[in-house]
Amino acid sequence: MKALLLTLLLFATPVWADGGGLSPKLDIGRGGKCVEDEATMRRLHPELIRHQRDETLRLGIRGGKHSLAECVECHASKKNGSVLGSRENFCQGCHEYAAVKPDCFECHSSKPRPAVTGAAK
Amino acid sequence: MTTRRQFLNQTAALAGIALAPGVMLYDLAHARPTGESASGKVRWGMLIDTNQCSADCDDCVTACNTENGLSGGKKSTDSQWIRKIELKDLRTGRQTALPMMCQHCAEPPCVDVCPTQASFKRADGIVLVDKHRCIGCRYCMMACPYKARSFVHEPLHDQKTDVPRGQGTVEACTLCVHRVDRGLQPACVEACTKAGHQAILFGDLNDPQSEIAQKVRSVASVQVRADLRLDPGIRYQGL
């Protein structure tokens with residue numbers, strides 16, 4: 001019996017170690033250095049963008065660093081130019097994995113600004 | 001002894017220096033610095049000269065649709081942020097054309113009636129809808145005497161990055177707040193100027209030096225339905 005358990009454990013360990021291939025494989029787009037460190041962004045990005053959206057919309061404070069548009073700017077996939085679309089896309093992939101529905105993109109654009117109007121005057 | 005070439009070079013350099021700070025000053029004076037909130041000292045407004053507005057021109061409407069990603073459709077369920085209106089005085093036969101949109105009232109009834117405080121007035125007088133809070137009840141649409149607001153009935157796709165819009169919320173002219181905050185003019189004003197009509201003048205009504213403040217001081221202008229005492233920021237000349 002012990003031998004059987006040990007054998008089972010031996011076979012099972014590698015499956016646990018790499019997350020069973022279940023964790024999302026994300027296309028992070030352009031990527032690069034984010035405005036906060038990875039752990040903070042993973043845990044707190046909803047609070048950060050929610051806080052800034054109120055300041056921007058209601059108080060008119062522009063140019064804050066926690067901007068949804070900037071998330072999209074860096075993380076839109078180079079394949080379809082969006083943060084949505086499939087399990088590989090940055091926002092959709094992780095949110096599907098976590099079974100959380102983001103409703104940001106019912107109103108906000110999931111694609112970066114077109115290059116022409118993107119340049120600030 | 002300075003050669004002719006040296007003299008020209010020096011003059012060009014001087015001109016460059018003089019021009020660069022001028023450009024900088026213009027930008028800084030108009031665009032609010034990063035991290036600063038909208039100022040209560042500013043009151044954005046427009047003066048619309050109906051004498052310059054041509055009945056067969058709708059460049060302001062087209063520009064608004066393009067800038068804000070509106071479909072431009074004319075169904076009763078399509079959003080329209082600015083529309084052209086024609087008036088006729090039956091006694092004299094005088095016809096007047098004018099654009100009508102959110103009048104950005106100082107005492108906005110849409111803000112009074114909103115049950116979730118989604119409809120609000122920014123410190124600089126721009127009346128907006130916070131779509132994060134809007135529940136789509138449309139009280140504000142009923143309260144607005146200018147019929148300025150629209151309700152988004154259908155799901156939308158490919159919205160503009162600077163102009164988020166979504167199904168189930170009320171929307172209206174934002175005075176192109178995303179452009180104004182960058183120091184630009186609203187899209188309709190730019191289009192009207194470009195078309196050569198120059199019927200819309202945009203600026204800070206509170207700044208005595210601004211072109212609009214000087215003009216409203218010197219020419220006769222009215223607020224539409226001034227009897228309601230909502231104190232709109234949009235004024236009309238020649239009505």
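The numbers here are math on the coordinates, done by the rules we state, and not lab data. The structure displayed is predicted, hence computed values, not measured ones. Neighbour counts run over all protein chains shown; Cβ positions are idealised from the backbone, glycine included.
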Under a plain spin-label model, where a point goes 7 Å from the Cα along Cα-to-Cβ, how far apart in nm are A:Ser23 and A:Ser86?
2.2 nm
Given unit charges at Cβ for Lys, Arg (+) and Asp, Glu (-), the dipole magnitude of region B:44-237 about its Cα centre in debye, nearest 20, is 420 debye
Alpha-carbon centroids, region B:37-87 and region B:164-239: separation in whole Å:
9 Å
Quick one: Karplus J couplings for region A:72-84, per residue in order, coefficients 6.51, -1.76, 1.60, θ = phi - 60°, nearest Hz, x for Gly and Pro?
5, 4, 8, 9, 5, 5, 6, 6, 10, x, 8, 8, 10
Once B:Gln95 and B:Thr66 are pulled to full extension, the length gained, defined as 0.36 nm per residue separation minus their Cα-Cα distance, is 7.6 nm
Greater than 24 Å apart at Cα, pairs in A:Lys101/B:Lys147; A:Lys65/A:Lys111; B:Lys88/B:Lys147
A:Lys101/B:Lys147
Inter-label distance for B:Asp78 and B:Ala123, nm, one decimal - labels placed 7 Å from Cα along Cα-to-Cβ:
3.9 nm
For B:Asn51, project a label point 7 Å along Cα to C-beta. Then give me every residue of region B:212-233 with its amide nitrogen under 11 Å of that point.
B:219-220
Cysteines (scope chain B) whose Cβ has no counterpart Cys Cβ under 4.7 Å
B:Cys53, B:Cys57, B:Cys64, B:Cys105, B:Cys114, B:Cys134, B:Cys137, B:Cys144, B:Cys176, B:Cys192
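Exposure proxy check: B:Phe120, B:Phe202 ranked by fewest other beta carbons within 10 Å?
Fewest to most other Cβ atoms nearby, the residues stand as B:Phe120, B:Phe202.
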Where does each of B:80-90, B:52-62 land if you order them by average Cβ count within 10 Å, highest first?
B:52-62, B:80-90
Most fluctuating of B:Pro164, B:Pro145, B:Pro109 in the GNM of chain B (C-alpha, under 10 Å) is B:Pro164
Once you put a point 7 Å from the Cα of A:Val100 and another 7 Å from the Cα of B:Arg229, both along the Cβ direction, what distance in nm separates them?
5.0 nm
Computed from the beta carbon distance with a Förster radius of 25 Å, FRET efficiency for B:Met142 and B:Glu107 to the nearest 0.05 stands at 0.90
Cα gyration tensor shape for region B:44-237, rounded if a/c is under 1.5, else prolate or oblate:
rounded
Amide H contacts under 5 Å for B:Arg235, placed H, 5+ residues apart:
B:Met46, B:Leu47, B:Ile48
I'd like the Karplus ³J(HN,Hα) series for region B:47-57: coefficients 6.51, -1.76, 1.60, θ = phi - 60°, whole numbers in Hz, and an x wherever there's a Gly or Pro.
10, 9, 8, 5, 5, 8, 7, 9, 5, 9, 10
Under the rule a/c < 1.5 gives rounded, and otherwise a/b versus b/c splits prolate from oblate, where does region B:119-222 land using the Cα gyration tensor?
prolate
Neighbour-count ranking [beta-carbon atoms within 10 angstrom, fewest first] of A:Tyr97, B:Tyr236, B:Tyr139
A:Tyr97, B:Tyr139, B:Tyr236
Using the number of other C-beta atoms within 10 angstrom as an exposure proxy, rank B:Arg235, B:Arg229 with the fewest first.
B:Arg229, B:Arg235
On alpha-carbon atoms, Rg over Rh for region A:27-113 using Kirkwood Rh?
0.94
